[in-house]
Amino acid sequence: MVLVRTTPPRPVDVSAVFPELAPLARPAIRMHPRPGSPSVEESSVGGPLLWPADEPWPHCEAFHLHSDSGFRQSPAEVRLLRRMRVRWHSDHGGPGTTPEEAAIKERNAAVLAERLGAGPPLPADCPVPLLPVAQLYVRDIPLLRPPGQADLLQVLWCPYDHDPDYKPATALFWRSAAAVVDVLGTPPEPYEVNYEGYVPDPCVLAPEAITEYPHSLDLSPETRRVLEDRSRWQAAGADVADADADYPLEFYDTHLADAPGWKVGGWPPWGRTDPIPRYCEACEARMVPLLTVASREWDGGEGRSWAPQEDQAAAHSTGNCCGQSPAQPTKVEVGSTDNLQIYVCPASPGHPHTDLIQ
């Protein structure tokens, strides 16, 4: 069964009301991750990677400050805890731990003890295996611009905060899927993670092509003044609710500009700071958004207008579904429920990428 998610029509055709914005339209693909069991042959978030068995798994060689806050869990323990939370939510009178869960905990503890050698914690300069974040096939995400014959992008990160911005360090790998003959069966994992939100839950994708417009912070002062002119909205008969009529720029940013959630391409989300241009360290070209790793697929309140039509009932529900938030299917959380934006050089996919928390 093919997973389908559809963004509801925007309340205003913004390019018709403001032709000035038409040249600024950008294509984007909302990935719409949803919990599932993807295979290595599928695009996914947090799923298994089509990784060659004869290629070393990537490790982060940077200095790592291991957790001293009491959070000392392996990815396997994080996944188990999530499963237990779902069960507790649906079975309030059930046992604290089932025999199956106890066996998994015991097995996880044995694996951890083996990795640590029953000795002191690993040193801060010990290489850390990276965790899969996303695997994207060009057939599913045609906006990707792969180098050469590549048709697959794999994104991984180190599940520790890195200076100076306290975010996971990311790594990108382009490859040709047809060239992978033998697939690595059991990739290594870090023995602990900085935060639970750095362990993505496996999700299948429902890619949807949309058109985006820039956040008001990315607009020129002249264009922002045009958007703040309430008479322009009224003259065009735009359906702006009375509550929004006094704040047309906020209405634009909330409902009409860049879409929230995991996406490829489009315009970057701003808010924590003003726009921060990123420049390629190899050729100084201004970099463009490749991938937005989102803590939420949509925000509460008015931001729920971006929830897909198929998820509107869940988005407006007062509680979680089976102990899981429909707006956070990946369980990823970066920053303070922010976004991690990955940028690439438009001149060459082989140039170093960069990233930014917003």
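The values are calculated or read from the model by the stated rules, or taken from the named source; none is laboratory data. Worth saying up front: this structure is predicted, and the values here are computed from it rather than measured. All Cβ positions, glycine included, derive from the backbone under ideal geometry; neighbour counts span all protein chains shown. We work out accessible area using only protein heavy atoms, side chains counted, and drop any ligands, DNA or RNA first. Shrake-Rupley method; radii C 1.70, N 1.55, O 1.52, S 1.80 Å.
Near TRP270, once Lys and Arg are set to +1 and Asp and Glu to -1 for all other residues with Cβ below 12 Å from its Cβ, the sum equals -4. Dimensions of the stretch 267-343 from C-alpha coordinates, computed as largest minus smallest value along each principal axis and given longest first, are 49, 22, 21 Å. With the simple model of a label 7 Å out from the Cα in the direction of the Cβ, TRP88 to GLU42 spans 2.9 nm.
Which value, to two decimals, describes the C-alpha radius of gyration of the stretch 4-47 once divided by 2.2 N^0.38 Å? Here the Cα radius of gyration is 1.75 times the empirical estimate. Quick note on the stretch 177-241: its Rg to Rh ratio, both from C-alpha atoms and Rh being the Kirkwood radius, is 1.29. The accessible surface of the stretch 242-358, taken with every protein chain in place and a 1.4 Å probe, is 47 percent carbon and sulfur. In a Debye calculation with equal point scatterers on the alpha-carbon sites of the stretch 158-287 and no solvent, what is log10 I(q)/I(0) at q = 0.10, 0.21 Å⁻¹? For the stretch 158-287 at q = 0.10, 0.21 Å⁻¹, log10 I(q)/I(0) is -0.58, -1.40. TRP267 exposes around 30 Å² of accessible area when a 1.4 Å probe is run over every protein chain in place.
Spin-label model, SER220 to ALA25: label points 7 Å out along the Cα-to-beta-carbon direction sit 2.0 nm apart.
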